[in-house]
Amino acid sequence: IAAGGTMSAIDAGYQTNAGPGAGSFFIGGSYGGRGDGSSAAPYSSITNPDELGSGANNSAGGGYIKLNITDTFTLNGVLSASSSYVGGGCSGGSGSGGTIHLTANTFAGSGSMSVNGGETCYSGGGGRIAYYYTNKTFSGPITAYGGNYNEPGAAGTIYEKATSWARGIVYVNN
């Protein structure tokens with residue numbers, strides 16, 4: 001993905017007030033992290049995520065992007081499966097982030113990869129990213145933030161695994 005380019009599944013998940021972690025007016029959507037006010041447990045696998053993000057009344061959840069690259073994947077643009085709503089005031093709940101699942105021989109570039117929750121008075125939780133590679137020179141941000149406007153959603157998960165490692169690393173960071 002070239003600089004200035006985008007591959008997007010923004011708001012391509014479960015639609016408003018729908019999904020396993022559905023939000024509402026007073027609850028943010030949940031997926032990898034809980035939405036604000038939500039009692040819905042995070043769902044799907046940390047190491048092999050394959051679900052859509054859940055929606056709330058202001059926005060849909062993030063969608064699902066799966067890329068299997070046999071050679072080099074260069075990300076200098078934007079790769080996102082976030083929930084898009086960023087609003088002011090207390091206008092209700094936002095959707096959660098979705099999924100990015102990437103496998104590449106070489107992961108290069110300096111763009112950005114995100115599955116962030118939407119931001120409103122009742123923000124959505126972060127989604128899930130899992131990425132696997134043999135070689136990595138990528139230096140851009142990788143985020144699964146919960147929305148953080150008035151009442152933040154919980155962070156989602158990021159799983160990183162090089163083929164030479166016995167185990168991967170899980171990151172949870174808001």
(message) The conditions are (1) in contact with a strand residue (DSSP E or B) (Cβ under 6 Å, 6 or more places away or on another chain); (2) open to solvent by less than 50 Å² (accessible area, probe 1.4 Å); (3) within 17 Å of Thr157 (Cβ to Cβ), and Tyr64 fails exactly one of them. Which is it?
(response) (2)
(request) Could you please give the count of residues in segment 143-174 that are of a type outside the set (S, T, N, Q), closer than 19 Å to Gly98 by Cα and surrounded by fewer than 19 Cβ atoms within 10 Å (Cβ to Cβ)? (result) 4
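Report yes if Tyr145 is outside any strand (DSSP E or B), on the phi < 0 side of the Ramachandran plot, in contact with an Asp or Glu (Cβ under 6 Å, 6 or more places away or on another chain) and of a type in the set (Phe, Trp, Tyr), otherwise no. Step through it out loud before you land on a result.
Values: outside any strand (DSSP E or B): yes; on the phi < 0 side of the Ramachandran plot: yes; in contact with an Asp or Glu (Cβ under 6 Å, 6 or more places away or on another chain): no; of a type in the set (Phe, Trp, Tyr): yes.
It is false that Tyr145 is outside any strand (DSSP E or B), on the phi < 0 side of the Ramachandran plot, in contact with an Asp or Glu (Cβ under 6 Å, 6 or more places away or on another chain) and of a type in the set (Phe, Trp, Tyr).
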(request) Residues being over 16 Å from Gly156 (Cβ atoms) and surrounded by 22 or more Cβ atoms within 10 Å (Cβ to Cβ): count how many of those fall in segment 67-91. (result) 2
(request) Return a yes/no flag: does segment 32-47 have any residue that is modelled with pLDDT of 95 or more, among the small types (Gly, Ala, Ser) and over 18 Å from Gly156 (Cβ atoms). (result) no
(request) Considering (1) over 12 Å from the mean Cα position of the chain (by Cα); (2) buried (at least 23 other Cβ atoms within 10 Å of the Cβ), say which one Tyr31 fails and leave the rest. (result) (1)
(request) For segment 34-59, name all the residues that are of a type in the set (S, T, N, Q), open to solvent by 50 Å² or more (accessible area, probe 1.4 Å) and within 25 Å of Lys161 (Cβ to Cβ). (result) Thr47, Asn48
(request) State yes or no: is Asp11 open to solvent by 40 Å² or more (accessible area, probe 1.4 Å), over 19 Å from Ile158 (Cβ atoms) and acidic (Asp, Glu)? (result) yes
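The values are calculated or read from the model by the stated rules, or taken from the named source; none is laboratory data. Just so it is clear, the model here is predicted, and its values are computed rather than measured. Here the Cβ is made from the backbone with ideal geometry for all residues, glycine too, and neighbour counts use every protein chain on show. Accessible surface areas use protein heavy atoms only, side chains included; no ligands, DNA or RNA. Shrake-Rupley method; radii C 1.70, N 1.55, O 1.52, S 1.80 Å.
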